[in-house]
1. Please work out which one of (1) touching a Gly at 6+ places or on another chain (Cβ under 8 Å); (2) part of a loop (DSSP other than H, G, I, E, B); (3) over 25 Å from ARG80 (Cβ atoms) is the condition VAL191 fails and give its number.
2. Based on this model, can you work out whether ARG151 counts as closer than 25 Å to GLU72 by Cβ, in contact (Cβ under 8 Å) with a residue 24 or more places away in the chain, surrounded by fewer than 24 Cβ atoms within 10 Å (Cβ to Cβ) and not assigned by TED's automatic domain parsing to the domain that holds LEU109?
3. Out of CYS228, CYS266, I need the residue that is surrounded by 15 or more Cβ atoms within 10 Å (Cβ to Cβ), modelled with pLDDT under 95 and farther than 27 Å from LEU141 by Cβ. Which one?
4. Would you mention how many residues in the stretch 237-251 are among the hydrophobic types (A, V, I, L, M, F, W, C) and part of a strand (DSSP E or B)?
5. Here are some conditions: (1) at negative phi; (2) at pLDDT 95 or above. PRO44 meets all but one. Which one does it not meet?
6. Of the residues VAL111, VAL118, VAL89, which single one is within 15 Å of ASP207 (Cβ to Cβ), surrounded by fewer than 24 Cβ atoms within 10 Å (Cβ to Cβ) and under 16 Å from the mean Cα position of the chain (by Cα)?
7. Would you mention how many residues in the stretch 65-96 are of a type in the set (S, T, N, Q), closer than 16 Å to TYR55 by Cβ and not in a strand (DSSP E or B)?
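The values are calculated or read from the model by the stated rules, or taken from the named source; none is laboratory data. Everything numeric in this text was worked out from a predicted model, so none of it was measured. Note that each Cβ is placed from the backbone with ideal geometry, even for glycine, and that neighbours are counted across all protein chains shown.
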Amino acid sequence: MPAAMPPIEDDLELLRASVVAAGIIASSYFRRDVKSWTKENASPVSEADIVVDRYLASSLLSARPTYGWLSEETADNASRLDCERVFVVDPIDGTRGFLRGEDSWTICLAVVENGEPVAGVVYAPARDELYCAAKDGGAWLNGQPLKRHRRAGAAPLIPAPGAVHQEMQAAGLEYTRGPAYPSLAYRLVQVATGKLDGAVARRGSQDWDIAAAALILREAGLDFADVCVGFPQFNRRDVRHGALAALADMSLKPLVHAALIKVYGCPAVAEDSSELPTL
């Protein structure tokens, strides 16, 4: 008989402790002369990404050896598909910003159970902001309930790629084009704080980019969706997602979703998810 899974609250505490230690490690490389290179998909990676990834794998998997592992900086192993719970990890989200010395990079950790995030943390060490959530346990910022502070009377603030910006303008959506933080996860959780009214992402984001933020947004009571399929599912064979939108004002949803679909379209859906390609 398989052993019972630990309480979600215990998993969240493990994530919090590990992410703070990882933040200390990453910060030791921040605004220093670090080695970096470009991966096959043209995205940058630095020695800090690799060191943090190795630390997190050791810390988390030694505590939960039966959990699967999915990380941006670790070669994928299909054995994760057979695990009830899986760690989903982005050692540094926003590496370009990290390398430029910008302070909104994050470390993102989530536990996914049967395709759904159940514990997650998004930590911005340079800003001393730790966002976290557990399924049915609410969302928190630095130990306090995460509450959205509304921007009364101002036009909605939504960062958007150029092509999406043009489509939303053409559709008559009145809004201000907000700051595009290099970390997608950080951008998403700012919809929960009220610093942004919406955040979008082009098609192609992967599980590690969004799993933790998706749970934080859901627990904060905000709408977050893959515009092609609804709330994202995680730990599938193909970990890529369609275009994404996080919104605080549901009246924005029809125009924002339509603009994203027009620009990026929706990926073809295989009848059997087991036939989806590996990355």
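1. (2)
2. Values: closer than 25 Å to GLU72 by Cβ: no; in contact (Cβ under 8 Å) with a residue 24 or more places away in the chain: yes; surrounded by fewer than 24 Cβ atoms within 10 Å (Cβ to Cβ): yes; not assigned by TED's automatic domain parsing to the domain that holds LEU109: yes.
Against the criterion (closer than 25 Å to GLU72 by Cβ, in contact (Cβ under 8 Å) with a residue 24 or more places away in the chain, surrounded by fewer than 24 Cβ atoms within 10 Å (Cβ to Cβ) and not assigned by TED's automatic domain parsing to the domain that holds LEU109), ARG151 does not qualify.
3. Working: CYS266 fails: surrounded by 15 or more Cβ atoms within 10 Å (Cβ to Cβ).
So the residue among CYS228, CYS266 that is surrounded by 15 or more Cβ atoms within 10 Å (Cβ to Cβ), modelled with pLDDT under 95 and farther than 27 Å from LEU141 by Cβ is CYS228.
4. Taking the stretch 237-251 and keeping what is among the hydrophobic types (A, V, I, L, M, F, W, C), we get 239, 243-248, 250.
Applying the additional criterion that residues be part of a strand (DSSP E or B) yields 244-247.
Within the stretch 237-251, residues that are among the hydrophobic types (A, V, I, L, M, F, W, C) and part of a strand (DSSP E or B) number 4.
5. Result: PRO44 passes all but (2).
6. Working: VAL111 fails: surrounded by fewer than 24 Cβ atoms within 10 Å (Cβ to Cβ); VAL89 fails: surrounded by fewer than 24 Cβ atoms within 10 Å (Cβ to Cβ).
Selected residue: VAL118, the only one of VAL111, VAL118, VAL89 that is within 15 Å of ASP207 (Cβ to Cβ), surrounded by fewer than 24 Cβ atoms within 10 Å (Cβ to Cβ) and under 16 Å from the mean Cα position of the chain (by Cα).
7. Step one: of the stretch 65-96, the residues of a type in the set (S, T, N, Q) are 66, 71, 74, 77, 79, 95.
Checking the rest, the ones that are also closer than 16 Å to TYR55 by Cβ come to 71, 74.
The next check asks that each one be not in a strand (DSSP E or B); those that pass are 74.
Residues in the stretch 65-96 being of a type in the set (S, T, N, Q), closer than 16 Å to TYR55 by Cβ and not in a strand (DSSP E or B): 1 in total.
Conditions tested, residue by residue: (1) closer than 21 Å to ASP103 by Cβ; (2) among the aromatic types (Phe, Trp, Tyr); (3) in the same structural domain as VAL122 (by TED's automatic domain parsing); (4) surrounded by 12 or more Cβ atoms within 10 Å (Cβ to Cβ).
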position	(1), (2), (3), (4)
ALA3	no, no, no, no
LEU14	no, no, yes, yes
ILE25	yes, no, yes, yes
PHE30	yes, yes, yes, yes
THR38	no, no, yes, no
ASN41	no, no, yes, no
THR74	no, no, yes, yes
ARG80	no, no, yes, yes
